[in-house]
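What follows is a short report on a single structure.
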There are 2 protein chains.
Amino acid sequence: MLKTSIEMENAASVLKLMGDKTRLTMMKIMDKHDCCVCEFVEIFNMSQPSISQHLRKLRDLGLVKEERRGQWIFYSMNKKNMYYPFIQQILEHLPSQDDKLQKLEEQGTRISCC
Amino acid sequence: MLKTSIEMENAASVLKLMGDKTRLTMMKIMDKHDCCVCEFVEIFNMSQPSISQHLRKLRDLGLVKEERRGQWIFYSMNKKNMYYPFIQQILEHLPSQDDKLQKLEEQGTRISCC
DNA sequence: CTAATATATTCGTATATAAGTATATAGTTA
DNA sequence: TAACTATATACTTATATACGAATATATTAG
């Protein structure tokens, strides 16, 4: 059985982050796709600062990585983070959120397709 | 790959519960052992009402089961709960908390040994 | 170089959460 | 049956959290 070594305190911190539905969904999306702030703003119909704050929390723990492409900064899960294996096996059990990106594409607001 | 079907909203709720270090530790202990309130009070050096409130939150979601034995009510993880498989694979990755029960036994305050 | 766009940060607000004191309740024990 | 013990509940308080308006910052685009 593949086990990651993770302290209780760190585990609780990660789980608390994932215990917010918006962030959990973001993480599920970012596990497979790059996504930028303005796309999340559309997906969740939330304000840009709110989305930015959610990402900040993930960034503070090194859970996500950024890549600037032109005007946009794309976020994805940082698979090199020490907690990633722990996070991944949680995300694996969640339903796909790809439909949310699909919807963006249909509306012509998917940016990472360009 | 064994996957459980769990909705995002429910997953977030469960994860939020587990995002508290005290509750996470309690859940880890209860996954293998029965434990009563007064034992948790000793383990965590917290007030009885606090422990009781933590258990209440777990109980409200059906995550724990109770069993009265004399004066005491023993709690353990409810392995029949629909979310248990999801929870279990998270708990599996955490370090054992058995040493906490061990310490109780050494102090002579372990109740479920009697 | 300026204007525009994307994003981060600051700030304020409403709500949620964890902790403990006080009290009520549910049993068991004597 | 009354006394006692274990536990649940109610209440208060301090702190954390999520959200969005306003603003600052970092780039790119023209």
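For chain B, take the longest principal axis of its alpha carbons; what is the angle in degrees between that and the long axis of helix B:48-60, to the nearest 10 within 0 to 90?
Between helix and principal axis, roughly 30 degrees.
From the helices alone, meaning DSSP H stretches of at least four residues, give me the mean residue ellipticity at 222 nm for chain B, per-run term -39500 (n - 2.57), in deg cm²/dmol to the nearest 500. Spell out each step's value before the answer.
Details: 6 runs with 62 residues, N = 114.
Rounded to the nearest 500, the figure is -16000 deg cm²/dmol.
So which of A:K80/B:K103; A:K103/B:K16; B:K28/B:K103; A:K32/B:K32 end up more than 25 Å apart, counting from Cα to Cα? Please report the intermediate quantities before stating the final value.
On the way: A:K80/B:K103 37 Å; A:K103/B:K16 28 Å; B:K28/B:K103 16 Å; A:K32/B:K32 35 Å.
Pairs exceeding 25 Å: A:K80/B:K103; A:K103/B:K16; A:K32/B:K32.
Please list the three semi-axes, largest first and in whole Å, of the ellipsoid equivalent to region A:11-61, using sqrt of 5 times the eigenvalues of its alpha carbon gyration tensor.
That gives 18, 12, 10 Å for the three semi-axes.
Give me the dipole magnitude in Debye, nearest 20, for chain B about the Cα centre, with unit charges on the beta carbon: positive for Lys and Arg, negative for Asp and Glu.
220 debye
Return the ratio Rg/(2.2 N^0.38 Å) for region B:4-102, where Rg is computed over Cα atoms only.
For region B:4-102, the normalised Cα radius of gyration comes out at 1.03.
Report the accessible surface area buried between chains B and A, summing both sides, using a 1.4 Å probe on protein heavy atoms only, in Å² rounded to the nearest 100.
For B against A, buried area totals roughly 2300 Å².
If you take the beta carbon distance between A:C38 and B:Q88 as r and set R0 to 35 Å, what does 1/(1 + (r/R0)^6) give as a FRET efficiency, to the nearest 0.05?
In this case the efficiency is close to 0.35.
Want the number for A:E66 to A:N45: 0.36 nm per residue separation, take away the alpha-carbon distance, what's left?
Full extension of this stretch gives 5.4 nm more.
Per residue, how many Å² of accessible area does the protein assembly as shown show with a 1.4 Å probe?
Numbers: 12080 Å² over 228 residues.
Dividing the accessible area of the protein assembly as shown by its residue count gives 53 Å².
Per residue of B:85-97, count partner chain C-beta atoms within 10 Å of its C-beta, then hand back the mean as an integer. Before the final figure, lay out each step's value.
Values: counts 1, 3, 0, 0, 4, 7, 1, 5, 11, 9, 6, 0, 1.
Counting Cβ atoms of other protein chains within 10 Å of each residue's Cβ and averaging gives 4.
Scan around B:I73 for amide H atoms under 5 Å from its own, H built in the peptide plane at 1.01 Å from N, and keep only partners 5 or more places away or cross-chain.
So B:I73 has HN proximity to B:V37.
Which whole-number percentage describes the relative contact order of chain A, with Cα contacts under 8 Å and a sequence gap of 6 or more?
Details: 97 pairs, mean separation 34.3, N = 114.
About 30 percent, as a whole number.
Can you send over the carbon and sulfur percentage of the accessible area for the protein assembly as shown, probe radius 1.4 Å, protein chains only?
47 percent
Could you quote the convex hull projected area for the protein assembly as shown, Cα atoms only and averaged over all directions, in nm²?
Projected over every direction and averaged, the Cα hull of the protein assembly as shown covers 14.3 nm².
The values are calculated or read from the model by the stated rules, or taken from the named source; none is laboratory data. Everything numeric in this text was worked out from a predicted model, so none of it was measured. So basically every Cβ, Gly included, is an ideal-geometry build from the backbone, and we count neighbours across all protein chains shown. The protein model used for the area step is the full one, side chains on, heavy atoms only, and it has no ligands, DNA or RNA in it. Shrake-Rupley method; radii C 1.70, N 1.55, O 1.52, S 1.80 Å.
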